[in-house]
Each structure stands twice: as structure tokens, then as C-alpha cells.
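Down below is the structure, laid out as C-alpha cells.
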Amino acid sequence: MEAFLVSTGIVALAEIGDKTQLLAFVLATQFRRPLPIVFGIFVATVVNHFFAAAVGSWITNVLGPDVLRWVLGLGFLAMAAWIMVPDEIDENEPHTSRYGVFAATVIAFFLAEMGDKTQIATVALAARFDQIVPVVVGTTLGMMLANVPAVYIGKRAATAVNLKLVHGIAAVIFVALGVATLMGVGQAVGL
């Protein structure tokens, strides 16, 4: 039970203000379909965190911190560029197939979680407690506690918020994260 509770608390706190929480908001404003988004976040998190618990520490050791920093930094910059590319969806017609919203969410969340602090926390927690299932269930619950409200706030704000403005703000944040990661900001304090 300790592994579950600690994992839930650590990830819920770490996720507040994280890029995946921003992604939840952006997806909600874009698609305005909260249930497939929430289910997509859940599936992506379970898969990603099981992956993290099983092989995350191995990948970190193989790539090394410098290579990982460059991959993540360039990934953030790529996400900033991608978010500014207009979608094929008409802004006045948010209807998409249920599988389209779900699949977009699963892919986006899975990729956004790669190398993220919550994925790294999952690796560390699984190593600390040596209980993969309670850790993954806890980290997944923590992700859901932080991101489900962002989805519902995003859905309500979708009619009041200009999507271009939201995408522009998100792109600026992703650029800042990319530059900070490439510059090694946070390494001195263990982030």
C-alpha cells in the first residue's frame, strides 16, 4: 500500500504544471471531447509507466544524461513547431471520430511522457519499492488526478478561448522547455 500511496502523491504533485498537463488542456480545447481524451491519457499512461518501470533505467544508462538531454531538448522544440501547424480540423467544426481523438491522445501523451519527470519518477519508485504493479497503478492515478481536471477545464474554456492563442502560448512554453533542457537548466538541482 505504501508503494501505491507514495507513487500517487509524488506523480500528482510532479504533474502539476507539467507539459503533459498543458497537453491535456490543448487537446481538450482542440477536440472538445473529454471522454476519449481522458481514456487516451489513461491508456498512454499505463503503457508508458509499465515501460518505464521495466526498461526506463536501462535506457537512461545506455543513452547517458548528455544524449538524453539533447534528445529531450530537441523533442520539446519539435513539439513547439508541431503545435503551430494548423490541423485539418475546421475550428468551427470540432467533430472527429471517437477513434481519432482517442488515438491522437494516446500517441501525444505517450510521446510527451518519454523522458518526462513522471516517467523517471516511475523508474525510481519501481526500483525503490520493487513492486511494479502498485507503483504503476499509483503513478497512473497521480497522472489522472492532475490531468482529468485540465481536460474538463479545457473543454469549458474551448468556446471562450482562441485556439491560435492557446497554441501560441503552448509553443512558447515548449520552446522555453526545449531551450532550458538544452542548456542543462535544472541539472544542478537534480532535475
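Cβ-Cβ under 8 Å, sequence separation 6+ or interchain: first residue in segment 109-125 and in contact (Cβ under 8 Å) with a residue 60 or more places away in the chain, partner of a type in the set (Asp, Glu). Which pairs?
As it stands, the answer is Asp116/Asp18; Lys117/Asp18; Thr118/Glu15; Thr118/Asp18; Gln119/Glu113, since those pairs meet every condition given.
Please specify each residue of segment 7-47 satisfying the condition of being in a helix (DSSP H, G or I) and either touching a strand residue (DSSP E or B) at 6+ places or on another chain (Cβ under 8 Å) or of a type in the set (D, E, K, R) (or both).
Glu15, Lys19
I need the full set of residues from segment 111-150 which are surrounded by fewer than 19 Cβ atoms within 10 Å (Cβ to Cβ), under 10 Å from the mean Cα position of the chain (by Cα) and at pLDDT 85 or above, in order please.
Answer for segment 111-150, where residues must be surrounded by fewer than 19 Cβ atoms within 10 Å (Cβ to Cβ), under 10 Å from the mean Cα position of the chain (by Cα) and at pLDDT 85 or above: just Leu111.
So, in segment 1-27, how many residues would count as being more than 14 Å from Ala146 (Cα to Cα) and buried (at least 24 other Cβ atoms within 10 Å of the Cβ)?
So the answer is 1.
The values are calculated or read from the model by the stated rules, or taken from the named source; none is laboratory data. Every value quoted in this text rests on a predicted model; they were computed, and no experiment measured them. So basically every Cβ, Gly included, is an ideal-geometry build from the backbone, and we count neighbours across all protein chains shown.
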